[in-house]
Amino acid sequence: MSDTDTPVIEIRDLHKAYGQLEVLKGVSLTARRGEVVSLIGSSGSGKSTLLRCCNLLEESQQGDVIFKGEAVHWKGEGLNRHPADKAQVIRIRTNLSMVFQQFNLWSHMTILQNVMEAPLTVLKRDRTEVEAAARKYLDKVGIGDKCDAFPAQLSGGQQQRAAIARALCMEPTALLFDEPTSALDPELEQEVVRVIKALADEGRTMLLVTHDMRLAADVSDHVIFLHLGKIEEEGPPNQLFGSPKTERLQGFLSATVAA
């Protein structure tokens, strides 16, 4: 299999528990280069946990996490299972940039400093190159004029766009979005939606956890509906949203539209 055929992210039969509470019950997914995979489902279905397991922010108890054909090495079993190779974890995480629901910007740093911080400290890249890249990505998300502002001086939509610029500045292989618009008012939400759609149009590999069914329908190549830690239904967006097969997905979509 060539590099272009090898999935960027592959999850096989993943199980995740918090003590006795099993959150993921044997979930598998594949995201190939240039593919947008969206995870939808009710609160508590395991979407965000699955996303965090992909870049090893959460440790799973069973199953495989594979990045560009390279399987994560584990030691121990069950609740005592942990990644065995710290360097491998860092390498995978730096290639899977995550955009969180709550922005997570450093309040004491300017927006430019926020975007530059990780490439400088984690990747040890040249400061001049990093600054040029940071300004480019801030321009790309439409807030190039906010470089010298602090997070508290920006709207929620602007802060989330800064967080996306920060993720892009790591030059990642894939982007992971965890409910990137759910903390925003509808008007500000659309600012962020436009940026995500533009990134999808560029052919970037993305995993997207979202409550916004229209966004999932517009940008996804593949949609996964999670229910109580299992994949209830999956397929192309026109199939899932146009003719859902299971009663659970039908009910979920009806409730989402009603809301």
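The values are calculated or read from the model by the stated rules, or taken from the named source; none is laboratory data. Since the structure is predicted, the reported quantities are computational estimates derived from the model, not experimental observations. Here the Cβ is made from the backbone with ideal geometry for all residues, glycine too, and neighbour counts use every protein chain on show. Protein only, heavy atoms only, side chains kept; ligands, DNA and RNA dropped before computing areas. Shrake-Rupley method; radii C 1.70, N 1.55, O 1.52, S 1.80 Å.
The residue list R33, R125, R81 contains one member that is surrounded by 14 or more Cβ atoms within 10 Å (Cβ to Cβ), in contact (Cβ under 8 Å) with a residue 40 or more places away in the chain and of a type in the set (K, R), which is R33. Among the numbered conditions (1) part of a helix (DSSP H, G or I); (2) out of contact with any Lys or Arg (no Cβ under 9 Å at 6 or more places or on another chain), tell me where T49 comes up short. Every condition holds for T49 apart from (2).
When each of S182, S243 is tested for being among the small types (G, A, S) and open to solvent by 60 Å² or more (accessible area, probe 1.4 Å), the lone residue that passes is S243. Scan segment 41-52 and give yes if some residue there is over 27 Å from L215 (Cα atoms) and open to solvent by 20 Å² or more (accessible area, probe 1.4 Å), otherwise no. No, there is no match, as no residue in segment 41-52 is over 27 Å from L215 (Cα atoms) and open to solvent by 20 Å² or more (accessible area, probe 1.4 Å). Considering (1) within 19 Å of the chain's Cα centre (by Cα); (2) more than 20 Å from E179 (Cα to Cα); (3) crowded, with 18+ Cβ neighbours inside 10 Å, the lone condition that T210 does not fulfil carries the number (2). All of (1) modelled with pLDDT of 95 or more; (2) touching a Leu at 6+ places or on another chain (Cβ under 6 Å); (3) in a loop (DSSP other than H, G, I, E, B); (4) among the small types (G, A, S) hold for G63 with one exception: (3). Can you confirm whether segment 250-259 contains a residue that is assigned to a helix (DSSP H, G or I), touching a residue at least 12 places away in the same chain (Cβ under 8 Å) and open to solvent by 40 Å² or more (accessible area, probe 1.4 Å)? Taking every residue of segment 250-259 in turn, at least one turns out to be assigned to a helix (DSSP H, G or I), touching a residue at least 12 places away in the same chain (Cβ under 8 Å) and open to solvent by 40 Å² or more (accessible area, probe 1.4 Å). Among the residues of segment 216-236, those identified as open to solvent by less than 20 Å² (accessible area, probe 1.4 Å) and either over 26 Å from P7 (Cα atoms) or touching a residue at least 40 places away in the same chain (Cβ under 8 Å) (or both) are A216, V219, S220, V223, I224, F225, L226, G229. Only one of the listed residues (T246, T181, T256, T205) is polar (S, T, N, Q) and under 28 Å from D5 (Cβ atoms). That residue is T205. A single member of A183, A174 is touching a Gly at 6+ places or on another chain (Cβ under 7 Å) and either at positive phi or among the aliphatic types (A, V, I, L, M) (or both), and it is A183.
Pairs needed: first member in segment 11-28, in contact (Cβ under 8 Å) with a residue 24 or more places away in the chain and surrounded by fewer than 20 Cβ atoms within 10 Å (Cβ to Cβ); second member anywhere, among the polar types (S, T, N, Q) and not in a strand (DSSP E or B); C-beta distance under 6 Å; at least 6 residues apart or different chains. Close Cβ pairs satisfying both conditions: H15/Q61; A17/Q61.
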